[in-house]
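For reference, the structure is listed below as structure tokens.
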Amino acid sequence: MYLTRNLALTVAVGLSLTTSLMAQRADPNSPRFKGVEAIEALLGTTSDEALRTFAEEMIAPEFRGEMSDGQVLANLKALRDAFAGASVKSASPVGPMSAELGFETHGKNASDTLTFVLEDKPPHRFTKIDYTKPERSSQLSDEEMVAKLLAYVDGLAEADEFSGAVLLAKDGQAIFKKAVGLASKRYDVANRVDTKFNLGSMNKMFTGVAICQLAQAGKLSFDDPIIKHVPDYANKDVAERVTIHHLLTHTSGLGSYWNDKYEANWKTIRTVEGFLATFVDEPLAFEPGSRFSYSNAGPIVLGLIIEKITGQSYYDYVRDHIYQPAGMYNTDCYEVDRPTPNLAIGYTNWTYDGSQDDGPRRNNLFLHSIKGGPAGGGYSTVEDLLRFANAIQGRKLLNAKYTKTLLEGKEAMGRGSMYAYLFGDSNRTGHRSHGHNGGAPGINSNLAFYPEIGYTIAVMSNYDGGARRVSRFIEKMLEKIPATDTRELAASADDEQNPRPAYRMGVGLKLEDDDVVIGFVDKDSPGSRAGLLANDVLLAINGEAFG
């Protein structure tokens, strides 16, 4: 009577666009809408008599086939029991007389779906009811996870789809470390687990910790405007209106430094002031605090504040107060035009004009900064990232109060995902995690640590998108661990009270494995205003699944 299908659905990151098209467009008197109502009534009833009535009045002969009345009733009971306690979350048209229903189970997101088809002519009875009940495999042991991860990484390496290093830790100790691919294709130098890879945006975490350290020391307040600590800031309007909290949460209205000034000077920028000069004259894109919009300029200003308060360069401060206390001796903003031992070169299919080609990967030395800074572009190793995660959780860098302040989500990025003080605060796997990722041509890295279950994921790659694939593979295994904390991160607002705009434009999509992934989001586009970020994985747009 109903068919169980195995669907490879991936949890969305930072996306809240799965709204009901039925609710927006359907005629309440249409057969399809009444079919939704009938399914809801069926799944909500506890009466066997109601099931019999449903079988008699709503099941078409085509559906019944050769089944007896008893078999039809038994199947309806099983269907009802399969969705016990569930409520319809979304209803998406599939065809003129069919729809797919998504469900919310016991207040949590579920990927259970049900699809029905109705007769074309009155009385529009059901000719088919198919449902998907995702497999819920038993928890894997650490040994089983390691074996699966080894096979997966080796397979990607053999296909030349991943180059980099992977570390999985439990309770602060590595249980898996593996490096594959080449750090230098020109000289045939292999990657190692202690190879230094570009962090991309992950430097933002170090900037967030530094600011919280200064707050803990009483040297600043999160509500302080920029002008309090940088009275000579060149853009007075920005300096008076934007606070440290705004800068930490990407709600400042500042954009990025990837503009014409940066393009003209990137080969010489080696200081925070150098980065600042590329955007300081630009006006704010929106009222500070009014919305979330990922910014690379904001952390640069935070780096300047660190320099003004401490009298040290940003680079010296984070080295003295974060890297060294955490034991991160292979982490720094190394300058790529100066020899650094054991540093990986990035390889990419992105071209200089922003397009992609299918030819051999080229090195990325002319596609990113000479030297990184407070917003990103430094280098580290998977082992150092584990040391950093351990230092955060072990209160080596901040006390308990300010560690919580650092990691606790402040701004919603989508269902189950929030942004804290330059850290992510996510509940995508059913377990709370913290960390950050980074990506650019030939650069892709990720750190995620799970305090409640004790795991840490550190993946660094010198290929486009490499770390995301491996991190997601590990996350899927961690999803099978029973939840120890039932808290859910708050959404930005109830969808009905604060609907996000429909997808229209400003978002570039690409295919990765079985996923549809956001490649880029144009500034001030509808996609940007909806809170979408590059590397988000799309499940649906306005309720229409990608299949």
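General observations
- Peptides 369-379, 325-335 ranked from most to least packed give 369-379, 325-335, packing being the mean of other C-beta atoms within 10 angstrom over each peptide's residues.
- Computed accessible area, I244, all protein chains, 1.4 angstrom probe, square angstrom: 0
- In segment 114-203, chymotrypsin sites (Phe, Trp or Tyr not before Pro) in a DSSP loop with at most 13 other beta-carbon atoms within 10 Å: Y187
- Cross-link pairs beyond the 19 Å C-alpha cut-off, checked among K404/K480; K177/K371; K219/K308; K89/K476: K404/K480; K177/K371; K89/K476
- Loop-located GluC sites (Glu not before Pro) in segment 378-484 (DSSP state not H, G, I, E or B) with no more than 16 neighbouring Cβ atoms inside 10 Å: E408, E452, E479.
- On a per residue basis, segment 154-252 carries 39 Å² of accessible surface, using protein heavy atoms and a 1.4 Å probe.
- Of the chymotrypsin sites (Phe, Trp or Tyr not before Pro) in segment 208-304, those whose Cβ has at most 15 other Cβ within 10 Å and which sit in DSSP loop: W258, F286
- Across the options T195, V180, M205, the greatest Cα extent toward the positive end of the charge dipole of segment 121-207 (unit charges at beta carbon of Lys, Arg, Asp, Glu) belongs to M205.
- For segment 324-412, accessible area per residue (1.4 Å probe, heavy atoms of protein chains only), Å²: 45
- Taking the 1.4 Å solvent-accessible surface of segment 210-259 as the whole, the part contributed by carbon and sulfur is 49%.
The values are calculated or read from the model by the stated rules, or taken from the named source; none is laboratory data. Because the structure is a prediction, the values reported are computed rather than measured. Glycine also receives a Cβ, built like all others from the backbone with ideal geometry; neighbour counts cover every protein chain displayed. Surface accessibility is based on the protein's heavy atoms, side chains included, excluding ligands, DNA and RNA. Shrake-Rupley method; radii C 1.70, N 1.55, O 1.52, S 1.80 Å.
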